[in-house]
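One structure below.
The values are calculated or read from the model by the stated rules, or taken from the named source; none is laboratory data. Note that the coordinates shown come from a computational prediction; the quantities given were computed from them, not determined experimentally. With ideal geometry, Cβ positions are generated from the backbone for all residues, glycine too; neighbour counts draw on all protein chains shown. Heads up: the accessible areas ignore ligands, DNA and RNA and are worked out on the full protein's heavy atoms, side chains in. Shrake-Rupley method; radii C 1.70, N 1.55, O 1.52, S 1.80 Å.
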Amino acid sequence: MSVIENSKLTVVGAGSVGSSTAYAALIRGSARHVALYDIATAKVEAEVLDLAHGTQFTGTSDIAGGSDISVVEGSHVVVITAGAKQKPGQTRIELAGTNANIIKTMMPQLLEVAPDAVYVIVTNPCDVLTVLAQEATGLPPERIFASGTVLDTSRLRWKLAQRAGVSSSSVHAYIVGEHGDTEFPLWSKTTIGTVPILEWQSAGHPRMTAGELDEIAIDVRDAAYKVIQGKGATNYAIGLSSARIVEAILNDEHAVMPVSTVLHDFHGIDGVALSVPSIVSAHGAVPIPETSFDAAELSLLHRSADALREVAASLR
């Protein structure tokens, strides 16, 4: 992939997710300039140095960074990963209080040095934090959104591809709603190629049952807990998916991705950030209002909205 001339991505937070995002962006050539910013000076300088030592092998992208907020200046995209990380057994919502305070304090400072950037929030709970960040900055909703269920969707496509015996790129499926415990797949629109999911079969791969799909949905929803249990954090896949979102913005791709924006009059939902298929371009992310849901899915979407509305209200 060719990098966009003079494009700049800044990743805020040099923990495992932020460093993995910077690493993924470097090796994918997501931006011409990659910067890493964190208030922990020794940590961020060490991460930048480690990444810089490998730039002979990353094409034309370069890396800089540090603990002075001036490193964010001139950014076209800012990806926010800073915050407390999810502990084993802890839900994303339980993280909310700590990370809400971090985001509310940091967003105005970032906006001061990068007033024209598109902001992507990866810190969890990302949906709730997106609402608070949008309120704290007054940015239009398309310019501040969360990575949402882009990673969850990738997890779903990977599992379905394994089961169906096809490549992930041939699976057309989305996880929508909260990036968390109330997320759900849009089974009514899921296909492999053009074949509806419940009708797919091939040699050695019999048809799936509705019960089997339910199990897959639970596996996808709980995948992060399993990874956190084993290694303490999820970092590689979220780094890759964040880099992919950055590319859609910087390349002005108009790519359809299930990112999480603050919704307005979306199937009766207002003022809550949820992941729904959205067009991601240089202008940011815009939900696709024509996305259709069956009755059960619409009910689940509203359940997600109600759960998140309650959490956001408790943090204001």
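For D181, the test of being assigned to a loop (DSSP other than H, G, I, E, B) and charged (D, E, K, R) is passed. Filtered by the rule that a residue be open to solvent by less than 10 Å² (accessible area, probe 1.4 Å), in a helix (DSSP H, G or I) and touching a residue at least 40 places away in the same chain (Cβ under 8 Å), the range 88-121 gives A96, A100, L110. In the set (1) small (G, A, S); (2) open to solvent by 30 Å² or more (accessible area, probe 1.4 Å); (3) in contact (Cβ under 8 Å) with a residue 24 or more places away in the chain, the condition left unmet by A52 is number (3).
Considering only residues in the range 5-31 that are surrounded by fewer than 19 Cβ atoms within 10 Å (Cβ to Cβ) and in a loop (DSSP other than H, G, I, E, B), the one that is nearest to the chain's Cα centre (by Cα) turns out to be G29. Screening the candidates A46, A40, A35 for the property of being under 21 Å from P108 (Cβ atoms), without any contact (Cβ under 8 Å) to a residue 40 or more places away in the chain and not hydroxyl-bearing (S, T, Y) yields one hit, A40. Among the residues of the range 144-179, the ones that are open to solvent by 50 Å² or more (accessible area, probe 1.4 Å), within 20 Å of V256 (Cα to Cα) and in contact (Cβ under 8 Å) with a residue 24 or more places away in the chain come to 2 in all.
Within the range 208-235, the residues that satisfy the criterion of being surrounded by 13 or more Cβ atoms within 10 Å (Cβ to Cβ) and closer than 17 Å to K87 by Cα are R221, A223, A224, Y225, V227, I228, G232, A233, T234, N235. Scanning the range 261-303 for residues that are surrounded by fewer than 14 Cβ atoms within 10 Å (Cβ to Cβ) and either among the acidic types (D, E) or in a strand (DSSP E or B) (or both) returns D265, D270, E290, D294.
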